[in-house]
Amino acid sequence: MTNFSDKNRPCHGPISNPGTLLANLPGILGFYPHDSVILAGFHDGEVGNIHTLGPVLRLNIDDLRFLDDACEALARTGVAFCFAFVIGDEEDNRDAGVFDLLLAAASCGEVPILGAWHAPEIATGSPYALIFAEDGGPGPHSEWMSGSIPLVADSITMRGLVGAGELPDVDREEAMAFFRLVEVLSDPGETAERAQAMESALLHDPHGLRAALEELRTVLHSLSDDQGDEARDRAAEALAPWLARTWLRDCVISVLFELKHEARVALVEVSQRNSGEVRANALAIYAALVLGEPASFRAPIALAIAQEECPGHRLSQLLLQGYQQGIGVGVVETMKRGSLATLESAGVLGEGDLAA
């Protein structure tokens, strides 16, 4: 399994050595990686030798057969070069040939790997050491040769997460559990029937559609003051049928972007209590809402789950492809324009402030 970071949520601040970058990885990925190979891509900067951190990709040690694919994916984002990090037991990784595979990829890969480092874990004070570097690497006393990971809690990306009320998960499994299916709130067939009845009633009734969307807005807005179980239940029950059919989904997207914070809460509830198309749409729209924000690390997880459980789901597929190619925010903008076009076609756009 691979994970991309969100290049539209850059790491603002100096990266002075590998330890600094390692300390920022939990805040970039949203969890502490274990037994992983991480590729951090860099774009050429506008001034001198200053480069900017771009997409960050993680592979399980067991998935290194996809290393060439990972390098190709980074190359497609336009990075100039990348650094590699191996996280896990040094002896195990050496014996398994991980270091040799990275060196081979650096020799003939799609994107230059200028250096690779090993660290047993990402934790404050944990040691790191150079595995290899282009042209022999830095001097023996350089922090680019070896050192200790600085205070992880004080990293730039961690401060950003904490400021947004988020913390990295302990591992990827815990990050995946954020969207786990907890319970089925209502029968999938009943939700589908409600959605079909709603669409039939609202398809050619702009006033009815606007009223229905305003009613949903009121329910979602209530989450800004009350996020208790009853409020979450009401929001999930109200939102679910809107995500059961494509036309209804496209109508409601504008409202969800208008109330992003409340919508994120409701979408998680819907994703945890529904299956199939409803769950996939909830996961996809949640991902769209968080791209470019501190919680963007949850986007690829949500999209991967949607694709795994609902293969061929078009919206999550487009968002995931855009995200991996570094154009996720552009795909989201297209998605928002599509919602406005749907509302305009339905005769709702321009009435009041609904789609402002």
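Each value in this text was obtained by applying a stated rule to the coordinates, not by laboratory testing. Remember, it's a predicted structure, so these values are computed and weren't measured experimentally. Cβ: placed from backbone, ideal geometry, glycine included. Neighbour counts: every protein chain shown.
Structure data summary
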item: Relative contact order (%) - criterion: Cα under 8 Å, at least six apart; region: region 243-302; result: 30
item: Total formal charge among the other residues, if their Cβ is under 14 angstrom from that of residue 313, Lys/Arg +1 and Asp/Glu -1; result: +1
item: Rounded tilt (10° steps) of 98-108 against the dominant C-alpha axis of the chain; result: 90
item: Region 203-297, relative contact order [Cα under 8 Å, separation at least 6], %; result: 26
item: Full-extension gain in nm, residue 62 to residue 94, via 0.36 nm per residue minus C-alpha separation; result: 10.2 nm
item: Calculated FRET value between residue 72 and residue 142, using beta carbons and R₀ = 30 Å, to 0.05; result: 0.45
item: Projected label distance in nm at residue 233 and residue 34, using a 7 Å step from Cα toward the beta-carbon; result: 3.6
item: Counted charge near residue 128, where neighbours are those whose Cβ lies closer than 12 Å (Asp, Glu -1; Lys, Arg +1); result: -3
item: For 166, 193, order by how many other beta-carbon atoms lie within 10 Å, fewest first; result: 193, 166
item: Kirkwood Rh, Cα atoms: Rg over Rh of region 2-166; result: 0.93
item: Value of Rg/Rh across region 175-282 [Cα atoms, Kirkwood radius]; result: 0.95
item: Largest to smallest principal axis extent of the C-alpha atoms in the chain, angstrom; result: 73, 40, 35
